[in-house]
Amino acid sequence: MSLKVQVARGLKWQAISIVGKQLLSVVVFTTLARVLQPSAFGLAALINVYLGVVNMLVDQGIGTALIQRQYLKHEHKDAAFWFNMTCSVVLCVGTIAMAGPVSELFKEPRLIPLLRWSSLGLVIGASASIHATLFARDLDFRRPVIRNLVANLGGGIVGVVMALAGCGVWSLVGQQLSSEIAGAVFLWKTSPYRPSMRFSFSHLRELFGVSASVFATSILWYFSCRLDQLVIGRFSGMLTLGLYSVALKIPSMASMVTQQPLASVSLPSLSRLQDDHKKMREAVRHGMELNAVISFAIFVGLAAVASDLVPILFGAKWATAGPLCALLALFSLVDALLVFCHPILLASGGIGKFVWLNVWHVVGVLAACLVGIRFGITFLVLGLILNSLITAIPALLFLQQRISLSPLGYCRPCLAPCLASLFMVCVIYVVTIALPSDIPLLIRLLCKILIGAMTYTGCILLLDRSILRKLIDTFSHAFRRPSVPAETVTAL
């Protein structure tokens with residue numbers, strides 16, 4: 001099977017995962033948003049920020065090192081597994097002991113029992129993380145996809161039942177733990193890998209050659225993505241953070257649709273081309289064409305209809321989150337268009353440059369948050385958008401140094417989708433003015449989505465219809481049935 005077909009099928013399974021996961025997420029989150037109070041989502045957001053950091057301390061880039069390594073032995077897998085398990089147990093115990101000081105940092109005593117119970121998910125997740133990593137290394141996304149669906153379904157059911165029973169914020173903790181348990185059980189049942197009791201320090205050191213840089217990058221990148229929530233929770237309180245978390249939910253789901261498939265497939269596929277920069281450039285250009293045509297449609301379209309979409313999904317009490325959701329959608333668009341920077345630099349051996357790039361990015365995010373929060377959440381998000389645009393400049397220059405891909409060559413596929421999305425926004429604005437003021441909100445939203453989608457597709461056909469042909473070609477490779485080798489047919 002060619003690499004192109006493997007990538008296409010990897011994208012197919014990632015797309016199936018995302019569609020299923022996001023449909024479940026919409027149902028579960030919508031139910032929880034209508035039952036729980038904003039402060040519950042604020043508490044859950046802080047817990048997730050903390051657990052996200054601690055989870056990186058568990059893995060420390062070992063999973064990425066397994067994917068990137070060209071020749072992998074069973075000793076590498078065992079070393080990674082037992083390293084992750086040891087770290088998860090130590091950090092779980094440490095969280096239980098330090099829950100009090102952490103809660104004092106945010107002046108929120110309700111965090112203490114929530115953090116202690118949530119920390120059990122660290123051990124549960126670490127027990128199956130290497131199994132999932134090995135599937136990704138082999139570009140086998142089918143079983144991890146099913147795992148995600150099973151985990152999200154199980155967690156969603158538990159969370160909704162607990163919320164309806166009046167458990168409040170504990171329903172979000174129950175949702176997380178039950179999801180981790182269901183996912184771990186599924187991966188152990190479907191993966192052929194079984195860790196032995198051996199542990200090799202020499203093989204672990206070989207993995208650390210890559211994982212150390214990956215870990216540093218991951219820590220920096222995670223903080224750059226979560227500093228906004230930390231600053232809002234610390235200086236504006238749980239109610240404001242809850243509003244921000246709900247406004248962020250739809251752009252985050254949209255990012256999963258556009259970024260996760262490409263991010264999951266690009267690292268293992270580009271790593272196979274690490275010695276051929278010409279083919280790597282061609283793969284990135286092709287990926288950017290698909291990424292741009294989808295990302296502009298989703299994020300710009302979301303920004304145009306967010307004020308109607310948020311109250312319809314989550315209820316009228318969240319209507320004030322609509323304009324904030326629109327800004328966050330534009331912020332997510334910038335991140336989506338830079339999705340190839342990390343895998344390119346990692347696959348080509350330029351992880352050191354990406355570490356420094358993330359240092360720059362984190363400093364900018366911190367400045368944007370601390371300055372912006374003084375004027376309100378809107379200015380905080382505007383600062384984040386500006387920082388991402390500024391950071392994109394050195395990121396694209398690094399790509400030129402590593403694989404000779406010019407910034408113009410990287411950005412050129414964005415031209416037609418950008419123009420089409422701008423025209424789509426203008427048409428949606430005209431439709432908004434033309435529609436009667438007493439029309440039901442749902443009908444208004446559906447009209448905007450339908451007319452906006454038709455406008456965007458028509459513009460793409462006029463500007464560059466080859467993009468749509470390539471998109472259709474990718475889908476055909478993804479869903480085409482595997483051909484049977486000639487020798488197999490003869491044998492039959």
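The values are calculated or read from the model by the stated rules, or taken from the named source; none is laboratory data. Here the structure is a predicted model, which is why all the values come from computation and not from measurement. Positions of Cβ are backbone-derived with ideal geometry, glycine not excepted, and every protein chain shown enters the neighbour counts.
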If the requirement is being of a type in the set (Lys, Arg), in a helix (DSSP H, G or I) and in contact (Cβ under 8 Å) with a residue 12 or more places away in the chain, which of these qualifies: 198, 143?
143
Given the options 230, 270, name the one that is closer than 19 Å to residue 399 by Cβ, buried (at least 19 other Cβ atoms within 10 Å of the Cβ) and at pLDDT 70 or above.
270
Answer with yes or no whether residue 369 is closer than 30 Å to residue 463 by Cβ and part of a helix (DSSP H, G or I).
no
Only one residue in 150, 102, 161 is closer than 21 Å to residue 52 by Cβ and surrounded by fewer than 18 Cβ atoms within 10 Å (Cβ to Cβ), so which one is that?
102
Odd one out for residue 330 among (1) aliphatic (A, V, I, L, M); (2) at pLDDT 85 or above; (3) surrounded by fewer than 20 Cβ atoms within 10 Å (Cβ to Cβ); (4) over 28 Å from residue 230 (Cβ atoms)
(4)
Tally of residues being free of Cβ contacts under 8 Å to residues at least 12 places away in the same chain and touching a helix residue (DSSP H, G or I) at 6+ places or on another chain (Cβ under 9 Å) across region 376-392:
1
Please work out if residue 86 is of a type outside the set (A, V, I, L, M, F, W, C), within 16 Å of residue 129 (Cα to Cα) and either modelled with pLDDT under 70 or assigned to a loop (DSSP other than H, G, I, E, B) (or both).
no
Give all pairs with beta carbons closer than 7 Å in which a residue from region 38-49 that is under 14 Å from residue 105 (Cα atoms) meets a residue that is among the basic types (Lys, Arg) and at pLDDT 85 or above; count only pairs at least 6 apart in sequence or on separate chains.
43/110
Please give the number of the condition residue 391 fails out of (1) modelled with pLDDT of 90 or more; (2) within 30 Å of residue 356 (Cβ to Cβ); (3) in contact with a Phe, Trp or Tyr (Cβ under 7 Å, 6 or more places away or on another chain).
(1)
